[in-house]
Amino acid sequence: MLDCKSALDNRNYLFLLVGYLFLGATIGTRVTLEMHLYNYFWQLLPAQIRYFPLMGIIASILGFMITAPLHQRYDKKPVLISCMVIALTFLITPTLLRLMGFFPENNTYFLLPILLSSYLVAITAAVVGMISTMSALADIADEQELQTHRRQEGTLYAARAFFGKASSGLGHLFAGIAIDIIAFPVGTEPGTVDADTLFKLGLVDGPIAVIPGIIAIFFYGQYSLTRTRHAEIQATLNQRNGAPEPVFTN
């Protein structure tokens with residue numbers, strides 16, 4: 001029987017798990033507010049909004065293509081942290097610049113290309129970060145086997161999935177509460193919401209929603225399993241689990 005407690009006793013796994021908890025809160029909040037931003041904050045048309053899922057598909061392909069070369073050259077920790085910083089930066093920068101008055105006005109030519117470009121970079125970085133996290137969990141499974149003599153990938157990935165769903169749900173809940181607090185007029189026609197309410201919406205989507213993500217980066221920074229150490233672990237496991245040396249007789 002797999003022991004969940006022994007998995008949580010692994011410091012590297014615990015740091016990744018807590019980091020993902022906070023990151024999930026940011027993701028859940030922004031996903032919930034996404035259509036509010038598109039429709040009311042940016043006042044995009046349905047024909048324009050449909051390009052964002054397309055950018056998401058392209059970003060997934062790009063992220064998949066560049067992750068392996070990055071892992072071959074760098075440890076997973078700096079790749080993960082750098083990608084999370086890039087993703088969070090490009091996700092909130094358009095909103096922050098609009099709040100500060102340094103962004104193209106709605107219905108202008110450059111608005112959509114800038115938003116799409118920012119979204120493409122952010123999602124590409126996020127995909128690389130997510131793949132790096134999953135790859136790090138596989139390394140932790142080796143570390144866990146070395147410490148406990150048991151393979152626990154199932155426990156590691158299942159706990160991560162559970163807490164990820166829970167934290168994302170909390171993000172959805174927070175976004176819903178925030179909508180109520182700022183008294184956002186849900187169902188109102190785009191272009192009719194007052195500027196003060198839109199400013200508050202931008203604050204929630206930008207600087208407030210990103211706070212859990214920043215905390216997540218701190219916990220990811222505590223991850224200490226390097227490529228060199230993982231190679232040593234694998235060598236030890238191979239020696240422990242390998243076939244016995246052949247015995248030759250005359």
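Residues in segment 119-171 that are open to solvent by 20 Å² or more (accessible area, probe 1.4 Å), modelled with pLDDT under 85, within 17 Å of the chain's Cα centre (by Cα) and over 19 Å from PHE15 (Cα atoms): GLY169, LEU170.
Hey, any hits in segment 93-116 for a residue that's assigned to a helix (DSSP H, G or I), modelled with pLDDT of 90 or more and among the aromatic types (Phe, Trp, Tyr)? No: segment 93-116 contains no residue that is assigned to a helix (DSSP H, G or I), modelled with pLDDT of 90 or more and among the aromatic types (Phe, Trp, Tyr). Kindly indicate whether any position in segment 122-133 is over 30 Å from GLN234 (Cβ atoms) and outside any loop (DSSP other than H, G, I, E, B). Yes, the conditions are met somewhere in segment 122-133.
Here's the yes/no breakdown for (1) in a helix (DSSP H, G or I); (2) over 14 Å from the mean Cα position of the chain (by Cα); (3) aliphatic (A, V, I, L, M); (4) surrounded by 14 or more Cβ atoms within 10 Å (Cβ to Cβ):
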{"site": "LEU23", "(1), (2), (3), (4)": "yes, no, yes, yes"}
{"site": "THR32", "(1), (2), (3), (4)": "yes, yes, no, yes"}
{"site": "GLN48", "(1), (2), (3), (4)": "yes, yes, no, yes"}
{"site": "PRO69", "(1), (2), (3), (4)": "yes, yes, no, no"}
{"site": "VAL85", "(1), (2), (3), (4)": "yes, no, yes, yes"}
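The values are calculated or read from the model by the stated rules, or taken from the named source; none is laboratory data. Everything quoted here is computed from the prediction, not taken from an experiment. For neighbour counting, all protein chains shown are included, and Cβ atoms are generated from backbone atoms with ideal geometry for every residue, glycine included. SASA here: full protein model, heavy atoms, side chains in, ligands and nucleic acids out. Shrake-Rupley method; radii C 1.70, N 1.55, O 1.52, S 1.80 Å.
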